[in-house]
1. From the list A:V259, A:V208, which residue is among the aliphatic types (A, V, I, L, M), at pLDDT 95 or above and farther than 30 Å from A:N360 by Cα?
2. Report whether or not A:S221 is modelled with pLDDT under 95, within 26 Å of the chain's Cα centre (by Cα) and hydroxyl-bearing (S, T, Y).
3. Starting from the range B:157-181, keep only residues that are on the phi > 0 side of the Ramachandran plot, then list their pairs with residues that are at pLDDT below 90 and open to solvent by 90 Å² or more (accessible area, probe 1.4 Å) whose Cβ atoms are within a distance under 8 Å, requiring at least 6 positions of separation or different chains.
4. Looking at B:E291, B:E315, B:E302, can you tell me which residue is open to solvent by 10 Å² or more (accessible area, probe 1.4 Å), touching a Cys at 6+ places or on another chain (Cβ under 8 Å) and among the acidic types (D, E)?
5. With the requirement that a residue be of a type in the set (A, V, I, L, M, F, W, C) and either in contact (Cβ under 8 Å) with a residue 60 or more places away in the chain or assigned to a strand (DSSP E or B) (or both), what does the range A:171-186 give you?
6. Report, by residue number, each residue of the range A:227-254 that is at pLDDT 95 or above and in a loop (DSSP other than H, G, I, E, B).
7. Return the residues of the range B:233-249 that are surrounded by fewer than 17 Cβ atoms within 10 Å (Cβ to Cβ) and farther than 30 Å from B:P32 by Cβ; say none if nothing qualifies.
8. Specify which of the listed residues (B:R137, B:R163) is closer than 22 Å to B:K28 by Cα and under 25 Å from the mean Cα position of the chain (by Cα).
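The values are calculated or read from the model by the stated rules, or taken from the named source; none is laboratory data. It should be emphasised that the depicted structure is a prediction, and the values quoted were computed from it without experimental measurement. No Cβ is skipped: glycine too gets one built from the backbone with ideal geometry, and neighbour counts run over all protein chains shown. Just the protein is used for accessible areas: all its heavy atoms, side chains included, with ligands, DNA and RNA removed. Shrake-Rupley method; radii C 1.70, N 1.55, O 1.52, S 1.80 Å.
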Amino acid sequence: MRAVGIILAGGKNERMGELTKFRATSALPVGGCYRAIDFPLSNMTNSGINKVAIITQHNSRSLHDHLSSPKWWDLGSKQGGMFVFSPYQTGENSMWFRGTADCIYQNLTYLRRSNEPYVVISSGDCVYKMDYNEMIAYHERKNADITVAYRQVPDNDDIRQYGVIEIDAAGRITDLEEKPLEPQSDLASLGVYVISRPLLIELIETIVNEGRYDLVRDLLSRYRKRLRIYGYRFDGYWRNLGNIHSYFDCNMDFLRREVRNDFIVQHPYVKTKPKDEPPAKYNSHAHVTNCIVGSGAILNGSAYRSVIFRKVYTGENSTVTDSILMEGTYVGNNCVIEYAILDKDVILHNGARIIGTIENPIVITKGQEVRL
Amino acid sequence: MRKKEMIAMLLAGGQGSRLGVLTSGQAKPAVPFGGKYRIIDFAMSNCVNSGVDTVGVLTQYQPLKLNQHLGIGTPWDLDRRNGGVTVLAPHMKTDDGAWYMGTADAIYQNLDFIDQYNPEYVLILGGDHIYKMDYSRMLTFHKQNKCDVSVAALTVPWEEASRFGVMNIHDDSRIYEFEEKPPNPKSNFVNMGIYIFRWDLLRDALERDKKIHPDSDFGKHVLPMLLNEGKRMFAYPFSGYWKDVGTIDSYWAANMDLIQTVPDFNLYENFDKIYTDSDHQPPLYTGSNSEVKSSIIAEGCEVLGKVFNSILGPEVIIEEGAVVRDSILMENCYVGKNTIIDRCIIDTDCTIGDDVQIGVGENTPNSYKPGIYDTGITVIGELSTIPDKIQIGKNCVIYGKTKPEDYADLRLESGNSIVKKLNANGVRA
């Protein structure tokens with residue numbers, strides 16, 4: 001095996017509001033039955049990487065629950081496997097991970113005990129499908145020290161929320177700025193990196209010993225002239241779950257055939273923890289069009305242009321439009337839901353109405369009960 | 001091996017010939033059921049939900065799909081260090097070797113497997129019924145009554161009792177007589193084929209009976225022998241949903257039970273779930289012009305047409321304008337544009353073209369196997385293809401990759417069959 005993986009899944013995201021109050025961004029439910037981390041994690045195993053570390057910190061319970069067993073991602077093996085690293089106390093100190101570089105530093109043994117030549121690093125809250133082998137091949141072709149995956153950001157997306165890179169004609173990254181006020185290009189880093197394992201160990205030790213803890217600012221940006229850092233262009237589907245809008249849009253994207261083809265129909269498949277739910281049940285008055293529906297759902301009412309997760313129940317005469325209903329949501333009779341995100345296990349009593357707008361989808365917190 | 005109090009032996013080697021082409025490529029326990037399950041999942045899940053963590057599965061007829069499905073038992077959490085699932089196929093021994101000749105003979109040939117666990121009790125199960133049952137309660141009953149053998153018994157309506165193996169019991173549930181399909185039943189307690197034996201007693205009985213009957217069978221030989229010897233045999237009363245799915249009609253009806261608004265057999269409870277092998281389980285999609293009513297739809301389906309009163313297995317595609325009614329479509333089937341399907345069972349991996357009609361015309365029984373296909377249901381075997389614009393009647397059988405020239409006038413009248421032979425490439429074409 002040529003690479004080990006690291007998935008950075010510990011970050012805190014303030015712009016997700018209630019959705020990340022009790023869960024890590026990487027544990028956000030996506031596309032009817034997945035969690036965000038299933039995408040990078042499946043990319044790892046589908047690329048033949050059989051040793052993957054997942055670094056967790058903020059609201060890690062939700063993620064640890066999902067990652068209960070490595071076998072669902074074919075990582076339940078004696079060679080390699082899945083390593084979940086959370087902050088811990090030692091004899092000398094007890095501290096949290098102080099940044100994306102520090103969290104790797106505090107688990108450097110994982111890298112030292114590996115023999116693979118490369119490390120693939122990905123963030124845990126991006127929805128995309130990538131064969132890392134192609135990126136590693138590009139990295140070798142360019143004889144790069146570090147390779148950073150990037151994409152061209154479309155006009156309707158605000159580039160200022162990403163790490164913006166500039167590259168020269170040979171593909172070498174000349175500048176890299178995190179969330180710039182005045183972006184100098186329309187190319188955004190995806191937070192996916194390939195680097196040689198010994199070099200990563202050396203760089204991480206150097207910068208952390210200088211009191212620098214951030215992978216982008218203190219390593220990529222600071223070393224951009226000293227090291228050969230190359231950009232690897234990625235043109236496939238990609239979404240960062242950065243705020244409620246991108247979360248809403250990402251889920252709605254699954255109603256598009258090309259997105260379903262990419263993630264659901266085309267091999268290799270996205271793997272997730274199985275839940276053993278029976279098939280979805282459409283009862284005699286159900287009217288459900290342009291929706292994706294997870295297993296175990298029982299549908300009695302109408303639903304249009306919506307993403308319905310596992311085990312959702314909708315009552316007679318209820319109408320769900322342009323909404324996301326997460327696992328275990330119960331919608332009573334005669335309810336109306338428009339432009340809303342109902343978090344897990346929300347209960348809507350008969351006749352309840354939740355009407356949001358496309359600009360401002362309403363979020364109902366996990367487990368909340370809503371009455372008429 | 002560590003000692004186990006009770007292990008289960010699951011008989012899964014039968015063909016189930018009355019299911020016609022559905023069991024030509026797989027044993028009956030491997031036949032898909034209820035969209036995403038296989039028939040064996042019910043007995044397997046019952047074992048796990050009852051705390052039985054060691055299951056020997058006896059296979060014989062067409063075991064490939066069954067073996068793949070069972071794997072190392074992961075779907076049922078039976079991938080264990082000690083116990084778990086073990087597939088027991090007929091095998092050669094130093095001086096002889098034979099197929100399993102009967103249900104008891106199959107257990108007899110695996111005495112050493114059971115001995116490894118040195119159990120107190122052995123649970124004998126079939127792999128071909130749809131039900132939920134807590135075997136641990138049956139074990140408690142077995143112990144309380146100090147049974148040598150306990151036999152699970154279902155109460156059926158009196159008029160149906162003569163179709164089953166009937167058990168006549170005393171007031172304390174002790175069995176004094178077995179009657180196979182009696183014309184005038186004395187009881188409506190019928191044998192479900194689920195037994196708990198004391199292992200020492202069963203071991204001895206199997207060895208003795210094998211000397212008399214090479215095709216040693218529980219119902220025909222072992223149970224009557226033990227009854228004659230005055231052993232304590234009790235009927236354990238079971239109440240609840242229990243369906244035999246041995247014929248095309250009963251298989252179809254038991255599937256249809258699942259689509260009632262509140263089904264008699266509820267798979268949607270949070271306890272005593274039924275587990276199955278679902279490695280790839282994306283959500284399903286119903287399109288903008290679709291209509292789905294009174295149906296259950298498994299993972300990964302794309303429904304662009306209309307589906308009524310039907311069961312779709314995983315990853316079925318129903319194209320625009322197609323209508324599926326009162327039918328069962330198994331995994332990975334494709335139904336082309338404007339095709340209309342009525343009362344049809346379509347096995348896995350079939351491709352139905354555009355503008356096809358299935359289930360039209362008179363209800364004429366099948367001329368080739370009238371006893372099997374006679375209730376109006378047309379059955380299409382696995383990996384079959386039906387070209388565009390074909391009209392197919394009722395009680396038809398199609399098995400293989402058919403071409404337009406296989407049909408007279410692009411039609412197959414009710415009661416007719418097209419069953420292709422396997423060619424040199426292993427394809428029915």
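1. A:V208
2. yes
3. Hits for this filter: B:K181/B:R163.
4. Numbers: B:E291 fails: touching a Cys at 6+ places or on another chain (Cβ under 8 Å); B:E302 fails: touching a Cys at 6+ places or on another chain (Cβ under 8 Å).
It is B:E315.
5. Those that are of a type in the set (A, V, I, L, M, F, W, C) and either in contact (Cβ under 8 Å) with a residue 60 or more places away in the chain or assigned to a strand (DSSP E or B) (or both): A:I173, A:L176.
6. Once the filter is applied, which keeps residues that are at pLDDT 95 or above and in a loop (DSSP other than H, G, I, E, B), the range A:227-254 yields A:L227, A:R228, A:F234, A:D235, A:G236, A:Y237, A:F254.
7. The one that is surrounded by fewer than 17 Cβ atoms within 10 Å (Cβ to Cβ) and farther than 30 Å from B:P32 by Cβ: B:P237.
8. Matching residue, one of B:R137, B:R163: B:R163.
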